[in-house]
Structure formats: structure tokens, C-alpha cells
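The block underneath contains the structure these notes are about, expressed in C-alpha cells.
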Amino acid sequence: MKRARHLLAALAALALTAALLALGTSPAAAAPPSAGRAAPKGHGACTATTPGSGPARQGAAWTCIRERPVTAGDLARIRARTAAVPGVAAAPLDGVDPGDNPDASPEALCTSTKRQDVVSNRHAYCMRHGIVYVLENRAGDTIGTAELLVTARSALDPNSVQWQENIAVYAGKYDGVSAVRLALSSSCTACIPGPPAWGGGAIELRAGEEDQTGHLSYETTTRGGGERSRSMIAYQSQTESPDAEYPVISYGQWAGPSVACDGQVGNSPGCIATDDLARVVLSKSQYGASAVAYEWAQNNLSDNNAMGTAKRPLTRDGDEARAKSRSYYTCKAPPKPFVADPTVVNDECDEFPFARTRQGGTIGSMCAEIIPRYVGGGAWRVDVVRDEPVAPCIKAHVPSDQNQNAGRSVGRQVQSERILQGEAYQVVIIP
């Protein structure tokens, strides 16, 4: 864990240096004029106060930036703000922390109790970072503090190479400090960051106040081909006292989320927030007998063959020729080819695992054969036509329209989940 933190810090530093060089400014030139004075050992990122400045008149020899973890009080404030967002739950659903919910919105992710700066799922993320602005005297004693919490939340469009973060800053407890100003910018690898938040200006906050108006934006440099690229985002802050004559700026930086982008899936490039296991979700009410058949396979095949689950996910293979071959072997090949059942309207063979997966294509004589039947009131029964011992697959009698619609939905979700060739995914069946 310690090595991972050091790596993230190094990546953030490299991203900051790259951003400064892109602006034509050397890292040394960007440092505050007083940076030549050694900061107190073990006291974080510190800047010497300017003689005659407000902090200096208070007896502060240094202004410093320290980090702090997200607190229960922070989460309570975020939840209160989140409760005002239409359609967003301000508390965990069914006792599940938003950080464990693959469908959680960026706003909900911000309320996660996970002890980490970045909480994400495949399509959204929230960065939370605590800052403590500290005034220290020459003896190294703390004579003033101001606590801030910075959050950046974003939902990624899987069919776009651009995304935006909504920035919120919460001012917490102040002691010996009347107000602070905060400016925020970001840098990233494999992507182009937009302008700093608040147009490059700073917001001024007093204890208990908050600001929800900031934005940061990005555009990946990935357009197509090659492997999925990863953009590592880093944030840079400038915190100062509201002293118009002699502002004393303290600088901070920290690592943020990573965003994966590719141009391999579908007709357009796009991005996801993490490489969490992809999910294809199919509703029984919408896809009928097909969804029921897949659910039956997951629940009734032996433990070693219950594929499409989180423990035994499917592996995408989008090759058209191989998909046709797999479909043939499961549904049409002798010695026991699929024969339509006259009791099923427009009966068609539907296989699981899918033909467009590496797990598909088992010879049909080894598969269990089933007929899902709707009995009314949202209920189904499954008739087992042929039960093969330790079957690794099923072939199901399904109306053609339900089979085709389910297949098209899987194809759409392969794109929306940005499931690469050879990538694993889970099949989730819902009512």
C-alpha cells in the first residue's frame, strides 16, 4: 500500500510538471518567490510568509498545506447536499455502500464511507480530498487552521472522448483564520485538461460555507486502435489568506482518479471510469424467455459450469466467423440438432453461454435443453426437455423476437460498457 501511495504521488508530480511545461513555465519558475527558504521538517508543504502580510502580522512565519481524511461530518454535509439532487439517494440503498453499487451516480459515490480519496464504478467517480490550511510561527507551533474538503464528481459518456467534473468545496472548522481563498486546476496523462476551475480565479470561503460552482474538463488523446489507454488525473491547489496587499500562497497537489479510453468498441471511441468487471443486464419483463433461460442456466448448471456470474464471467469474442461457428455447433450440429417445438411461437434456438464468447460453442448434444414458459402474473416455469449430466451449456426454445431483442441488447451493452475483445463480463438478470 505504501509503495502504491508513493507511485500515485510520483505520477501526480509528473503530471503537474508536464502541465507546467505545456504552459511554457518551468516548475522552478512556478514556485513561490519564498520557496527558497526551507520548510519546517515534517510540517507538509509550507510557504514562508511575506513581511507585512496579514499572516505575518498575526505572528505566522509559515503557511502550510496538510492533508486530512474524509470525516463523518464531511459525509453528513455531502449527504445533505445530495438529498437536494432529484433522483439521487442520499443514503445507502438496501444497506449497500454507494462505493459497492455498480450503478451509483457520481453524487451518490461522494457519500461513500470508504476510506479512500477516489470512489468509482465503471461509469462514474467522485474524488474527495481534505485540505488543512495551517499558520505556523517560527517555533513551528500551529497558531491557525482552516479545514476544506474538495470534491470532484463526474459521469462518463461511453461514446464520448470528453468529460467534465463538477467541483464542490466545503469549508469546515476554522480556528484563528477568518477566511481563505482556493484556486484549483488539474493535469493528466494521455488526455488534455481544460482551463482551471472558476476561470482560473479563486473562491473565498469562511467557516461553514460551501461552493458548488467549479468545473474541470478533459479530453482524451485516444481516438482508435491499440490497447485501452489510461489517463491519470492530478489536482493542484493554491490556498491563500485574503490579503490584498501581500497574498501568501501555499501550494498543494494530489493524485485523483484514472479514466480508461479506447477506440476499439463500436463505431466511436469512449471512456470508462474504472476496469471493474463489466455487466450486461437483462430484464425478464423485457426479454422474456431469453432472460429466463440465462437465469436458469446460472442457477441450475453445476457450480463449475454456472457461467456469466461474477465468479465465472464470460469472455467477449466479437469475431463474426467464430460466432457463427459456435452457434452452429450448439444449435444445429448432429447428433442432436435443435428441433423447433410446435408449442413455442416462432421457436428459435437460444444458447448460453453466448456464441460471441469464448465459452460458447459446445456441441449441442452436451447441453441441457429447456423451454421457458410464461404462466402469468410475471411468473415463469422452465420445462427441462433433456437433462444432460454436468451440462456445460443450455439451448433454449425461445420465441424469435425475444431471442433477437436479447441479442441486440447484449450488443448495445458491449458498447456502453466498453467491453474489449477478450475482456470478461458478468450477465445480470433482473425482474
Output the number of residues of the range 231-283 satisfying the condition of being closer than 30 Å to Gly407 by Cα and either among the acidic types (Asp, Glu) or modelled with pLDDT of 90 or more (or both).
-> 21
Output yes when any residue across the range 134-151 is at pLDDT 95 or above, aliphatic (A, V, I, L, M), in a strand (DSSP E or B) and farther than 30 Å from Ala60 by Cα, and no when none is.
-> no
Given Arg373, Arg408, which one is in a helix (DSSP H, G or I) and within 21 Å of Ala289 (Cβ to Cβ)?
-> Arg408
Residues of the range 300-336 satisfying the condition of being modelled with pLDDT under 95, surrounded by fewer than 16 Cβ atoms within 10 Å (Cβ to Cβ) and assigned to a helix (DSSP H, G or I) = none
If Lys395 passes every condition in (1) touching a Pro at 6+ places or on another chain (Cβ under 7 Å); (2) assigned to a strand (DSSP E or B); (3) within 27 Å of Ala278 (Cα to Cα) but one, which one does it miss?
-> (1)
Within the range 372-394, residues being under 15 Å from Asn299 (Cα atoms) and in contact (Cβ under 8 Å) with a residue 40 or more places away in the chain number 8
Candidates Ala255, Ala234, Ala197, filtered to the one that is closer than 22 Å to Gly130 by Cα, surrounded by 18 or more Cβ atoms within 10 Å (Cβ to Cβ) and in contact with a His (Cβ under 8 Å, 6 or more places away or on another chain) = Ala197
Restricting the range 154-168 to residues that are free of Cβ contacts under 8 Å to residues at least 60 places away in the same chain and surrounded by 22 or more Cβ atoms within 10 Å (Cβ to Cβ), the one nearest to Arg128 (Cα to Cα) turns out to be Ile167
Qualifying residue in the range 212-230 (condition: under 19 Å from Ile65 (Cα atoms), more than 18 Å from the chain's Cα centre (by Cα) and modelled with pLDDT of 95 or more) | no
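The values are calculated or read from the model by the stated rules, or taken from the named source; none is laboratory data. Worth saying up front: this structure is predicted, and the values here are computed from it rather than measured. Virtual Cβ from ideal backbone geometry, glycine too; neighbours counted across all protein chains shown.
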